[in-house]
Amino acid sequence: MRIPIDWLLEGEPWIEYRARRDLLGQSEKDPQVKSARESMLTKTQVKDLVVELSGWPGTVLSNHKSAGHPIHKLTFLADLGLVANDSGVEKIVVRILEHHSAEGPFQVSMNIPAHFGGTGQDQWAWALCDAPLIVYALVKVGLENETVVQAAIRYLARLVRDNGWPCAVSKELGKFRGPGRKEDPCPFANLAMLKALSGIEALRDSLACHTGADTLLTLWSESTTRHPYMFYMGTDFRKLKVPFVWYDLMHMLDVLSRFSWLKNDTRLLDMLEIFKSKVDQQGRFTLESIWTAWKDWEFGQKKEPSRWLTLTAWRIIRRMEVTSA
């Protein structure tokens, strides 16, 4: 099966841009790449995201799974390839950096109900299911070496335990913890932390990353019996879905495929085969579930093959092929 590259290049400019960069390996200096990127930055959907995020953090966070929350829009914008000096992005960055905690991680405005162990009040705080995603986006837009970003990275990385990253929150949230045993690893926290650290070359082969990856892959191999913090790997987990918001097959493959030392792990290869079995004869992939918050985007419907999903899928496949060479 071959990559439907011509079909991808006929898509929206952000799809063309990422296809040229990620699948064709073209340089940022290539005229076609530059043209696609310039066109991407003029598109209303992209400009609207930038404008919305300039009011960071905007919506008060009450549910980390909310696909429309600015955190997930921020990571998507970073995945498109916007950087700190693009028009409007600098303003977003400034607002994010204003809210770094004394501990190190960046805070967002959140409200944890009292019956879940929170205060029921809006407050600036962080949790290990949001703080790494902010770090990931800041690294992607080019701020890895900023002092406050480095401080956040160091603090979050050190929270790892022998069985991966736990459910952890800032001091403002007191004793709040997700619905699981204190000694269990939090599956999404591990995914989010690996996502953040995958972009940092010096940490990509660290013990923390090896521990977190093994935690997720062990949960995959024991998915019928272990469901820490009520994270399951059943039918819904295996449905193809973008953009990357929560705990699912595509998101996990996208993150774990970034670690070359996992290239021969049979558990990861098992996940990869399940995902590859969903491709059609033209090399295209069709969404099996959607986030309604993104219904106005190309990947917001399930009727036809999705170019963004297909691009993402082939990027995963190519990473595995390259690292297996």
Item to complete: For L156, indicate whether it is of a type in the set (A, V, I, L, M), under 25 Å from G212 (Cα atoms), touching a residue at least 60 places away in the same chain (Cβ under 8 Å) and crowded, with 18+ Cβ neighbours inside 10 Å.
Response: no
Discussion item. Taking the condition of being part of a helix (DSSP H, G or I) and open to solvent by 20 Å² or more (accessible area, probe 1.4 Å), how many residues in the stretch 143-153 meet it?
Written reply: 4
Discussion item. Checking M230 against (1) at negative phi; (2) in contact (Cβ under 8 Å) with a residue 12 or more places away in the chain; (3) open to solvent by 70 Å² or more (accessible area, probe 1.4 Å): exactly one of these is not met. Which one?
Written reply: (1)
Response to the item:
Of the listed residues (A78, A125, A131, A84), the one being in contact with an Asp or Glu (Cβ under 9 Å, 6 or more places away or on another chain), modelled with pLDDT of 95 or more and either among the polar types (S, T, N, Q) or surrounded by 15 or more Cβ atoms within 10 Å (Cβ to Cβ) (or both) is A84
Item to complete: Would you check if L133 is under 17 Å from T215 (Cα atoms) and either of a type in the set (S, T, N, Q) or not in a loop (DSSP other than H, G, I, E, B) (or both)?
Response: no
Worksheet entry | Filter result for the condition that a residue is without any contact (Cβ under 8 Å) to a residue 40 or more places away in the chain, surrounded by fewer than 20 Cβ atoms within 10 Å (Cβ to Cβ) and within 22 Å of the chain's Cα centre (by Cα), over E12, E90 | E90
Worksheet, complete the sentence: Those residues of the stretch 172-230 which are charged (D, E, K, R), part of a helix (DSSP H, G or I) and either under 14 Å from P132 (Cβ atoms) or under 21 Å from the mean Cα position of the chain (by Cα) (or both) amount to K195, E201, D214
Worksheet item: Can you tell me which residue in the stretch 275-325 is nearest to R18 (Cα to Cα), limited to those that are among the acidic types (D, E) and part of a loop (DSSP other than H, G, I, E, B)?
Response: E298
Discussion item. Residues that are over 30 Å from P179 (Cα atoms) and β-branched (V, I, T), at least 1 per element: which helices (runs of 4 or more DSSP H) completely within the stretch 39-112 meet that?
Written reply: 44-53, 89-97
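The values are calculated or read from the model by the stated rules, or taken from the named source; none is laboratory data. All figures in this text were calculated on a predicted structure; none of them were measured in a lab. Quick reminder, even Gly has a Cβ in these numbers, built from the backbone with ideal geometry, and neighbours come from all protein chains shown. Please note that ligands, DNA and RNA were not included when accessible areas were found on the heavy atoms of the full protein model with its side chains. Shrake-Rupley method; radii C 1.70, N 1.55, O 1.52, S 1.80 Å.
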